[in-house]
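The values are calculated or read from the model by the stated rules, or taken from the named source; none is laboratory data. As the structure is a prediction and not an experimental result, all values here were calculated from the model. Methodologically, a virtual Cβ is constructed for each residue, glycine included, from the backbone with ideal geometry; neighbour enumeration extends over all protein chains shown. The accessibility values were calculated without ligands, DNA or RNA, using every heavy atom of the protein model including side chains. Shrake-Rupley method; radii C 1.70, N 1.55, O 1.52, S 1.80 Å.
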Amino acid sequence: QVQLVESGGGSVQAGGSLRLSCAASGSTFRRYMAWFRQAPGKEREFVAGITWDRLSTIYADSVKGRFIISRDNAKNTVYLQMSSLKTEDTALYFCATGYGGNRGETNAYDQWGQGTQVTVSS
C-alpha cells in the first residue's frame, strides 16, 4: 500500500509562487499521480495529473499555463509548481495515485494524502 505525504503549502500573495511536493512511501511503479484541490464549501476538483513515464500530463483549464506537474520516480515524489497564483487557487491540495479510470474523477484513485493548505491573499 502506498502512503502519500504532501508538503510545501503556505500563504502567499497573489502573483506569487509555491511548489508542492508529495512523497510516496512504497512503490509508485506504473501508478498515475495527480493533484486535486478542495476549497471550503466546494467539491474536490482535479488540478493536474502525470503518467508513470512522464510522457503525458493533463491540467484543469483553470491552471493551464500557470501550474506544472512533474515527478521523480527515483525519489517516489511528485511535484506541483504553482506560479501566478490567484486568490481562487486557495484550497487544500491533495496528492492522489491510482492505475486507471477517468483521471479527472476522484474514484479513479485508491490512495490519497492528507492535504496541504495553500492560501493566496490579494
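Every test in (1) open to solvent by 90 Å² or more (accessible area, probe 1.4 Å); (2) in contact (Cβ under 8 Å) with a residue 12 or more places away in the chain; (3) more than 14 Å from Gly100 (Cα to Cα); (4) not acidic (Asp, Glu) is passed by Lys64 save one, and that test is (2). When residues in the stretch 107-118 are screened for being in contact with a helix residue (DSSP H, G or I) (Cβ under 9 Å, 6 or more places away or on another chain) and either open to solvent by 50 Å² or more (accessible area, probe 1.4 Å) or free of Cβ contacts under 8 Å to residues at least 12 places away in the same chain (or both), 1 of them pass.
For Thr106, indicate whether it is of a type in the set (S, T, N, Q), touching a strand residue (DSSP E or B) at 6+ places or on another chain (Cβ under 8 Å) and at pLDDT 95 or above. No; evaluated as a whole, the condition is false for this residue.
When every residue of the stretch 28-35 is checked against the conditions, at least one turns out to be at pLDDT below 95, of a type in the set (D, E, K, R) and surrounded by fewer than 14 Cβ atoms within 10 Å (Cβ to Cβ). Within the stretch 1-15, the only residue that satisfies the criterion of being over 14 Å from Thr97 (Cα atoms) and either β-branched (Val, Ile, Thr) or open to solvent by less than 20 Å² (accessible area, probe 1.4 Å) (or both) is Val12. If only residues of the stretch 43-54 that are farther than 16 Å from Asp72 by Cβ and either of a type in the set (Val, Ile, Thr) or free of Cβ contacts under 8 Å to residues at least 40 places away in the same chain (or both) are counted, the one that is most open to solvent (accessible area, probe 1.4 Å) is Glu43. A residue that is in contact with a helix residue (DSSP H, G or I) (Cβ under 6 Å, 6 or more places away or on another chain) and without any contact (Cβ under 8 Å) to a residue 24 or more places away in the chain occurs somewhere in the stretch 89-106.
Please count how many residues of the stretch 89-116 are of a type outside the set (Phe, Trp, Tyr), under 21 Å from Asp61 (Cβ atoms) and outside any helix (DSSP H, G or I). Of the residues in that region, 10 qualify. The criterion of at least 1 residues that are under 11 Å from the mean Cα position of the chain (by Cα) and farther than 14 Å from Tyr109 by Cβ is met by the following strands (runs of 3 or more DSSP E) wholly inside the stretch 30-72: 57-59, 67-72. Scan the stretch 1-23 and tell me whether some residue there is more than 15 Å from Gln114 (Cα to Cα), assigned to a loop (DSSP other than H, G, I, E, B) and at pLDDT below 95. The answer is yes, given that some residue of the stretch 1-23 is more than 15 Å from Gln114 (Cα to Cα), assigned to a loop (DSSP other than H, G, I, E, B) and at pLDDT below 95. Would you say Ala74 is open to solvent by 80 Å² or more (accessible area, probe 1.4 Å), of a type in the set (A, V, I, L, M, F, W, C) and closer than 22 Å to Ala23 by Cβ? Here the answer is yes, as Ala74 does meet what is asked.
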